[in-house]
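A.B. asks: One structure, as structure tokens, below. Some questions next.
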Amino acid sequence: MSDDMSASERRELRALEREHDRLLAEHARLRDELDSHAADLGLHSQPPREIALQFEQAAEADPDERAQNLNEAAGYWAMAGELERARRLHLAAIADGGEVAGDARVWYALFLLEYDDALAGRAMLDTILAEGPDDYAIYESVAEAFEAVEALEEALHWFEAGLARQRLIGDDGAEGFGEYRLAIGRSRVRESLGLPEDADDRWAEQQRRSWADRIDRRGSSSARPTALSMFYLPEEEFDAAMRRWPELRNQYDSHVEHRASVESQLREADSGLSLRVSAAGVAGLAEYAAAHDRDPLQSNTRAAYAAELSRLGRDIAWPPGRNESCWCGSSRKYKKCCGRPT
């Protein structure tokens, strides 16, 4: 800054610099918002058949996720009315033997219940229940499927079996997340059946209020300091970040690990916080870092950018509903994606 500048000129220059920084941040925000809306529109405007084909292509491209992608494709083919193709892919997912959220056999059994052979579907579910699986998502998914068709006694049976299993193994993690989910479902079904409130119902209601407070608190500006918004790079942005800043590979081995880390940190966060996710873009992060003279390789820079996106309303509440789209940007439901047990 020149020594021959007057005090008023210096003040005006500093004001211009601050406005320049603000405009850079706003530009980054708008860029991220445009990218996000474009991605959303691209996904939701596609018919089930096209989404199914994309999952089939993904299954061929990624052997590690083949079973999961085949299972997803089967679901979309069923939505498209291509039931025989859906059946073949369900069976292929089971034969693959790879990991599928909630067990590939469960999704095939539910397909049979809804579209094809209810008797065979129930028999398969009985076999799975007798095995006593530890995954709470299996019990919840089956119970919700029965609840959706008003088979409330069967829904209650699965919720209670899952709740008992979680308490037996005593290793649910994330402060009883699975136990909470099953207790909430059990309470909901019991209410529909007109059953009197019991101790588990009261515990479920206490937990529900605790989780709801995390989300509802975000509505007022005075509550925003109690919010925590986690920095997250969607898969394409993650790949772009690795190309632009190769040193980041020392912090993130893969996008799968990055996504799992975000979910894990959110589950373990202070229950008094309103929890959120800020999906960031590489261009926006780079511009934010440059505008604030910070290093994008530093985790505190990325955390600060996430907080800025949150302040600007560019984040989403966590957790989504089990049947809502996952926060990570995949086209999967939360219960079949990041919402599955870790």
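A.B. asks: Give the accessible area for E12 in Å² (nearest 10); use a 1.4 Å probe, count only protein heavy atoms, and leave out ligands, DNA and RNA.
C.D. replies: About 120 Å², ignoring ligands and nucleic acids.
A.B. asks: Report, in debye and to the nearest 20, how large the dipole of region 76-118 comes out about its Cα centre when Lys and Arg carry +1 and Asp and Glu carry -1 on their Cβ. Display every interim value, and only then the final one.
C.D. replies: Details: 4 positive and 8 negative charges, 15 e Å.
Here region 76-118 has a charge dipole of around 80 debye.
A.B. asks: Hey, another quick one. Rg to Rh ratio, region 135-210, alpha-carbon atoms and Kirkwood radius? If you can, show how the numbers build up before the last one.
C.D. replies: Working: Rg = 11.5 Å, Rh = 12.2 Å.
Rg divided by Rh gives 0.95.
A.B. asks: Using unit Cβ charges (K, R positive; D, E negative) and no other charged atoms, how large, in debye to the nearest 20, is the dipole of region 225-275 about its Cα centre? Spell out each step's value before the answer.
C.D. replies: On the way: 5 positive and 10 negative charges, 20 e Å.
Computed charge dipole of region 225-275: roughly 100 debye.
A.B. asks: Looking at region 237-310, which chymotrypsin sites (Phe, Trp or Tyr not before Pro) are in a loop (DSSP not H, G, I, E or B) and have at most 16 other Cβ atoms within 10 Å?
C.D. replies: Working: sites: F238, Y252, Y288, Y305; in loops: Y252.
In loop regions of region 237-310 (DSSP not H, G, I, E or B), the sparsely surrounded chymotrypsin sites (Phe, Trp or Tyr not before Pro) are Y252.
A.B. asks: L297 to D134: FRET efficiency via 1/(1 + (r/R0)^6), r the Cβ-Cβ distance, R0 51 Å, to the nearest 0.05? Intermediate results must be reported in sequence, preceding the final value.
C.D. replies: Details: r = 39 Å, r/R0 = 0.76.
FRET efficiency, L297 to D134: 0.85.
A.B. asks: Once amide H atoms are built 1.01 Å from N in the peptide plane, which residues 5 or more positions from M230, or in another chain, come under 5 Å H to H?
C.D. replies: R276, V277, S278
A.B. asks: What are the residues whose amide H is under 5 Å from the amide H of A269, where those residues sit 5 or more places off or on another chain and H is modelled from the backbone?
C.D. replies: So A269 has HN proximity to no qualifying residue.
A.B. asks: Quick one: 3J(HN,Hα) in Hz for region 70-86, Karplus 6.51/-1.76/1.60 with θ = phi - 60°, rounded, Gly and Pro as x.
C.D. replies: Each residue's phi maps through the Karplus curve to give 4, 5, 5, 4, 4, x, 6, 5, 5, 4, 7, x, 8, 5, 5, 5, 4 Hz.
A.B. asks: Per-residue HN-Hα couplings for region 293-308, Karplus 6.51 cos²θ - 1.76 cosθ + 1.60 at θ = phi - 60°, whole Hz, x for Gly and Pro?
C.D. replies: Per-residue couplings from phi come out as 6, 10, 9, x, 6, 7, 5, 5, 5, 5, 5, 5, 5, 4, 5, 5 Hz.
A.B. asks: Additional query: For region 183-191, take each phi angle, set θ = phi - 60°, evaluate the Karplus expression 6.51 cos²θ - 1.76 cosθ + 1.60, and give the result in whole Hz per residue in order, putting x for glycine and proline.
C.D. replies: Residue by residue, region 183-191 yields 5, 5, x, 4, 4, 4, 5, 4, 5 Hz.
A.B. asks: So which GluC sites (Glu not before Pro) in region 139-169 end up in coil per DSSP with only 12 or fewer other C-beta atoms within 10 Å? Each step should come with its number before you reach the end.
C.D. replies: Working: sites: E140, E144, E147, E150, E153, E154, E160; in loops: E150.
When the GluC sites (Glu not before Pro) of region 139-169 are filtered for loop state and at most 12 Cβ neighbours within 10 Å, E150 remain.
A.B. asks: Further question on the same structure: Expressed as a whole number of Å, what is the distance separating the alpha-carbon centroids of region 78-98 and region 302-340?
C.D. replies: Each part reduced to its Cα centre gives a spacing of 28 Å.
A.B. asks: Next question. Mind giving me the FRET efficiency for E84 and E324? R0 is 30 Å, r the Cβ-Cβ distance, nearest 0.05 is fine.
C.D. replies: Working: r = 29 Å, r/R0 = 0.97.
The computed FRET efficiency comes out at 0.55.
The values are calculated or read from the model by the stated rules, or taken from the named source; none is laboratory data. For clarity, every value in this text was computed on a predicted model and none was experimentally measured. Heads up, the Cβs are rebuilt from the backbone with ideal geometry, glycines too, and the neighbour counts pull from every protein chain shown. Protein only, heavy atoms only, side chains kept; ligands, DNA and RNA dropped before computing areas. Shrake-Rupley method; radii C 1.70, N 1.55, O 1.52, S 1.80 Å.
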